[in-house]
Amino acid sequence: MTSRERFLAACACTPLDRPPLWVMRQAGRYLPEYRALKAKSSFLEMVRTPALATEVTLQPLQRFPGLDAAILFSDILVIPEALGQGYNFRDTGGIAMAWRLETRAQIDSLVPVDAVPDRLSYVADTLALLKTQLAGQRALLGFGGSPWTLATYMVEGGSSDEFERIKQLFYTERATFDALLEKLTASLIAYFKMQIRAGADAIQIFDSWGGIIAGPDYEASSLKWIRAIIAALPADFPVILYAKGTAPHLTDQAFSGARVLSVDWTNDLSIVRRNLPANVAVQGNLDPVLLNTTPAIVRHEATRLLESMRGTAGHIFNLGHGITPQAKLACMETLVATVTGWK
Ligand code: CP3
């Protein structure tokens with residue numbers, strides 16, 4: 001069985017001898033070969049140049065051949081950028097948007113949705129290159145942000161601590177909020193269709209900030225837009241929904257149309273597995289900070305997670321969020337060896 005087949009079988013909840021493995025932000029600052037490339041080109045140059053984005057995507061698979069899936073090297077913020085709101089990195093860490101979205105007029109003057117796929121055609125080119133290079137051996141994942149998570153960056157003007165502006169907009173100017181989310185939803189549908197045409201085997205939607213809104217408002221702020229996106233994609237196409245801090249909404253997420261729920265490390269994954277419908281797979285959920293500790297701790301905790309899932313179908317092994325720049329290569333090696341060698 002190829003890695004690609006193993007990955008797709010786990011998405012379909014087919015029983016397997018061991019779960020497939022990949023990690024979120026597998027390309028990133030913890031890899032010396034990534035840092036070497038980034039010394040020559042900026043992050044945005046790498047994202048926009050298909051040959052470079054392909055190289056960065058494949059770096060972790062070359063170093064860790066046990067990984068079963070490749071995730072496109074890009075960023076969720078290419079959608080705001082395609083809509084006319086560029087982004088950069090703050091020197092102090094975090095994201096700075098080129099300007100802050102504050103008014104209905106600014107929403108109306110964003111780039112028309114129809115133009116979005118063309119403006120992101122480099123992503124399709126990168127996926128096509130990757131498809132050829134992976135030759136059907138590994139699964140190829142596309143991705144994008146959820147409408148809500150993207151809206152937080154656009155309305156806050158970048159990374160945020162308290163998310164006051166986006167909440168203010170949601171509670172005081174719902175029609176304006178809805179107009180923005182509608183535009184993002186339509187853009188993401190067009191973008192994901194383009195990724196599927198270009199060869200993605202699955203799409204992961206990152207609702208990284210789904211957990212910051214009051215529980216009873218998760219539906220209107222985030223989940224309903226995600227459902228609309230999934231409903232617009234081909235019926236059998238695997239969508240993975242990652243959300244952070246949304247444990248009370250797992251059941252609703254399971255009925256969103258997503259084939260896989262990617263859950264953060266604060267959940268006990270075996271309990272999540274038992275409580276969800278059997279046709280929905282789960283992905284996760286090791287705490288990424290464990291990769292900053294020692295190989296012995298990683299082996300212990302990864303084995304504990306594997307054992308807790310023994311005998312269940314529909315598990316993709318992953319971290320509960322993105323790997324950090326402080327992750328140790330020896331810890332990643334041990335993680336890969338532990339999952340791929342598990343019996
Ligand atoms: O997993 C992968 O390697 C795929 C590529 C990927 C990146 N970003 C590359 C990246 C993916 C899937 C993302 C998603 C993303 N981007 C999310 C959702 C996932 C999550 O982490 O919750 C979010 C919120 C973003 C926005 C973003 N981009 C942030 C908050 C940052 C970090 C900024 C900082 O100063 O720490 C980025 C930068 C980024 N995106 C890096 C990478 C490899 C690091 C860039 C670098 O400095 O080299």
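The values are calculated or read from the model by the stated rules, or taken from the named source; none is laboratory data. Just so it is clear, the model here is predicted, and its values are computed rather than measured. Here the Cβ positions follow ideal geometry from the backbone for every residue, glycine too, while neighbour counts run over all protein chains shown. Ligands, DNA and RNA are excluded from the accessible area calculation, which covers all protein heavy atoms including side chains. Shrake-Rupley method; radii C 1.70, N 1.55, O 1.52, S 1.80 Å.
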Debye, to nearest 20: dipole size of the chain, +1 on Lys, Arg Cβ, -1 on Asp, Glu Cβ: 840
Cα-projected label distance for Arg174 with Lys131, points at 7 Å along beta-carbon direction, nm: 4.2
Mean separation of Cα contacts under 8 Å (6+ apart) over length of the range 3-341, as relative contact order %: 22
For the chain, accessible area per residue (1.4 Å probe, heavy atoms of protein chains only), Å²: 40
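So for Arg299, Arg174, what's the accessible-area order with a 1.4 Å probe, most first? Intermediate values should be presented prior to the final figure.
Details: Arg299 120, Arg174 90 Å².
Ranked list, largest accessible area first: Arg299, Arg174.
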Modelled FRET efficiency - R0 51 Å, Met1 with Thr103, Cβ distances, 0.05 increments: 0.45
Subset of Lys38/Lys183; Lys193/Lys224; Lys38/Lys328; Lys40/Lys244; Lys38/Lys193; Lys167/Lys244 violating a 24 Å alpha-carbon distance limit: Lys38/Lys183; Lys40/Lys244; Lys38/Lys193
